[in-house]
Amino acid sequence: MAERDQTIHDLSVEATFERILSRCQPLPAQPVALAAAAGCVLAEAVIAPHALPPFANAGMDGFAVHVADLADATPQQPVVLPVAGIVQAGDAAPTPLVRGTTIRIMTGALLPAGAEAVVPLEDAEALPDAQVAFHQPPSPKRHIRLAGEDVPADTVAIPAGKLLRAAEVGLCCAFGVTTVTVIPRPTVAIISTGNELLEPHEPLVPGKIRDANSLALAVAVGEYGAQPYVAGIARDTQAELSAKLDSALAAGANLILTSAGASAGDFDVVSALMRAGDRLEVWQVKMKPGRPMLFGTYGGVPLIGLPGNPASALIVAELFVKPVIARLRGLPATLPATVPAILDAPQKGSNRRHYVRAYVSREGNEYHATTRGIGHGSGSLSTLVRGNALLVIPEGSGEVAAGSVVDAILL
Ligand code: AMP
Ligand code: MG
C-alpha cells in the first residue's frame with residue numbers, strides 16, 4: 001500500500017465536508033423551459049410583463065352595483081334594482097353599468113365600467129321579473145379585485161435566488177413566462193463497481209449478488225434535486241472503470257458517484273485509479289459507517305467514491321452527496337440538520353464519529369430514539385428500512401448513557 005498521506009487520510013467529517021464543498025460551485029445559469037425548471041433556483045428575477053390581475057374583476061359571484069344606488073338600503077327597506085345584464089368569466093367588454101340597475105357577475109369576470117362594488121349572491125335577494133333586493137349598502141371596492149393588486153406591471157414578481165416551486169411556477173404561467181433563467185438541475189452519474197454484481201432483473205447465480213446501489217443512489221439523487229445518470233456496472237478492472245467514467249463525462253455529469261472498490265485492497269479499482277492519476281483529495285474518513293469513502297476529481301468533475309456496502313453508501317450520500325447537490329443547485333449547503341433525541345439504551349463511541357441507525361418518534365415536544373431491533377450492519381439495507389434516523393455519536397465519546405440527549409438526523 002502507498003504511504004499514508006496525512007493531508008488526505010483520516011479526515012474528520014467537517015474537514016471532509018469543507019474539502020468537498022470547496023471543489024463544488026453552483027452551475028452556470030441557463031434558460032430552461034418552465035415545466036422543466038421546477039425545483040431549480042431562479043438566476044434572474046422574473047419581472048411582471050403586465051399587471052396581475054390584468055383587469056379589474058369580480059372577487060365573488062354576485063351583483064355589480066353603484067355604491068350610491070344602495071346608500072339607503074336597510075333590512076326593513078331594501079333597495080330593489082332591475083338586473084340589466086349578466087357577465088361571465090371570460091366575457092370581453094361587458095356593457096357598462098347604468099345607474100339604478102345592477103349586473104349579475106361571476107367570479108373572475110371583467111368588471112363592467114362604472115361598477116364600484118360586488119354584492120355577493122348570498123347577500124342579495126332574488127325577486128320575480130329579474131329584480132334583486134339589497135338589504136345594506138356595500139362599501140366601495142368590496143369584492144373587487146383591482147388590476148395589478150396582486151403584482152403591479154414592471155415590478156419584481158419573483159426575485160433571483162428563489163427556488164421554483166408550485167407557487168412560483170404558477171405565477172410564471174399567469175404572466176405567460178414559459179422560459180426562465182435558472183441554475184439547471186445537476187446531472188449526477190452513478191457507477192457501481194464489482195465483479196460480483198448482477199443487474200436487479202438477473203437471476204442469482206453462486207457467488208453473485210444484485211446491484212442494490214445504482215438504483216438506490218439514483219432515487220436518492222433524484223430526491224436531492226439532481227438528474228441521475230445511471231452508467232451501470234463496471235467490473236473490477238481499470239479499463240471498465242475508465243470506460244464508465246468517460247461515459248459519465250460524455251453524459252455531461254456535474255458530479256460522479258462510484259460505489260465500492262474504494263478501500264486499499266488489490267481489487268479496489270476506484271481508489272487505485274484515483275491514486276494513480278493523483279486525483280485523490282480525501283481518502284478514508286473518521287466516521288462509521290462510511291470509512292472507505294474517497295473524494296477527488298476526474299476530468300475536472302468532482303467524484304465521490306462511496307463505500308460498496310449499500311447501507312454505508314446511502315448514509316454517506318445523505319451526509320455528503322445531498323449538500324454537494326444543494327451547492328451545485330445554488331442552494332445553501334450544510335451537513336444534515338439534527339434534532340435532539342433522548343436515547344433509550346447506551347451507545348458506545350470510538351475515535352470515529354458514529355452514525356447509528358435508529359427509530360425516532362416524536363412524543364409531545366420530545367424526540368425519543370431507539371436502536372432496538374434496527375441493526376447496524378454496513379451492508380444491511382433493511383436497517384434503513386426499519387430505521388428513520390441516524391444518531392450522531394461524536395468521535396472521542398466513551399459510552400453515552402441511556403437517557404442522554406444526542407443529535408439525530410431525521411431521514
Ligand atoms: P467493496 O467496497 O468493493 O469491498 O464492497 C464492499 C461490500 O459491498 C461487498 O460485500 C460488496 O459485495 C458489496 N457491494 C458492492 N457494491 C454493491 C452493490 N452495487 N450492491 C450491493 N452490494 C454491493
Ligand atoms: Mg469490491
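Inclusion of Ala231 among residues that are assigned to a helix (DSSP H, G or I) and either outside the structural domain of Trp283 (by TED's automatic domain parsing) or more than 16 Å from ligand 2 (Cβ to nearest atom) (or both) is not warranted. Mind checking which pairs have a first residue in the range 264-293 that is under 20 Å from Ala311 (Cα atoms) and a second that is more than 13 Å from ligand 2 (Cβ to nearest atom) and of a type in the set (Lys, Arg), Cβ under 6 Å, 6 or more apart or different chains? From residues that are under 20 Å from Ala311 (Cα atoms), the pairs are Gln284/Arg291; Lys286/Arg352; Met287/Arg352; Met287/Arg353; Lys288/Arg352.
So that you can scan it fast, the table gives a plain yes or no per residue for (1) farther than 30 Å from Ala157 by Cβ; (2) open to solvent by less than 30 Å² (accessible area, probe 1.4 Å):
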site: Gly39; (1), (2): no, yes
site: Glu44; (1), (2): no, no
site: His50; (1), (2): no, no
site: Ala58; (1), (2): no, yes
site: Ala84; (1), (2): yes, no
site: Ala93; (1), (2): no, no
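Filter the range 120-167 for residues that are exposed (fewer than 15 other Cβ atoms within 10 Å of the Cβ), among the β-branched types (Val, Ile, Thr) and part of a strand (DSSP E or B) and give the result. Once the filter is applied, which keeps residues that are exposed (fewer than 15 other Cβ atoms within 10 Å of the Cβ), among the β-branched types (Val, Ile, Thr) and part of a strand (DSSP E or B), the range 120-167 yields only Val156. Can you tell me which residues in the range 303-330 are open to solvent by 10 Å² or more (accessible area, probe 1.4 Å) and of a type outside the set (Gly, Ala, Ser)? Asn309, Pro310, Leu314, Glu318, Lys322, Arg327, Arg329 - these are the residues of the range 303-330 that are open to solvent by 10 Å² or more (accessible area, probe 1.4 Å) and of a type outside the set (Gly, Ala, Ser). Annotation: Ala333 fulfils all but one of (1) open to solvent by less than 60 Å² (accessible area, probe 1.4 Å); (2) within 16 Å of ligand 1 (Cβ to nearest atom); the unmet one is (2).
Quickly run through the range 234-256 and pick out the residues that are among the β-branched types (Val, Ile, Thr) and within 16 Å of ligand 2 (Cβ to nearest atom).
First, pick out the residues of the range 234-256 that are among the β-branched types (Val, Ile, Thr): 237, 256.
Within the range 234-256, just Thr237 meets the criteria.
The lone criterion from (1) open to solvent by 40 Å² or more (accessible area, probe 1.4 Å); (2) under 28 Å from the mean Cα position of the chain (by Cα) left unmet by Leu245 is number (1). Counting the residues of the range 248-302 that are open to solvent by 30 Å² or more (accessible area, probe 1.4 Å), among the aliphatic types (A, V, I, L, M) and within 23 Å of Gly222 (Cβ to Cβ) gives 3. Considering only the range 102-119, state which residues are within 14 Å of Ala68 (Cα to Cα) and open to solvent by less than 60 Å² (accessible area, probe 1.4 Å). Across the range 102-119, the qualifying residues are Thr102, Gly114, Ala115, Ala117, Val118, Val119. Summed over the range 1-33, residues that are within 30 Å of Thr179 (Cβ to Cβ), surrounded by fewer than 19 Cβ atoms within 10 Å (Cβ to Cβ) and aliphatic (A, V, I, L, M) total 2. Residues that are open to solvent by less than 10 Å² (accessible area, probe 1.4 Å) and touching a Phe, Trp or Tyr at 6+ places or on another chain (Cβ under 8 Å) within the range 186-217 comprise Val188, Ala189, Ile190, listed in sequence order. The residues of the range 43-55 that are over 30 Å from Pro28 (Cα atoms), in contact with a strand residue (DSSP E or B) (Cβ under 6 Å, 6 or more places away or on another chain) and assigned to a loop (DSSP other than H, G, I, E, B), listed by number, are Pro53, Phe55.
The values are calculated or read from the model by the stated rules, or taken from the named source; none is laboratory data. In this text, all values refer to a predicted model and were calculated from it rather than measured experimentally. With ideal geometry, Cβ positions are generated from the backbone for all residues, glycine too; neighbour counts draw on all protein chains shown. In case anyone asks, the SASA skips ligands and DNA or RNA and just uses the protein heavy atoms, side chains included. Shrake-Rupley method; radii C 1.70, N 1.55, O 1.52, S 1.80 Å.
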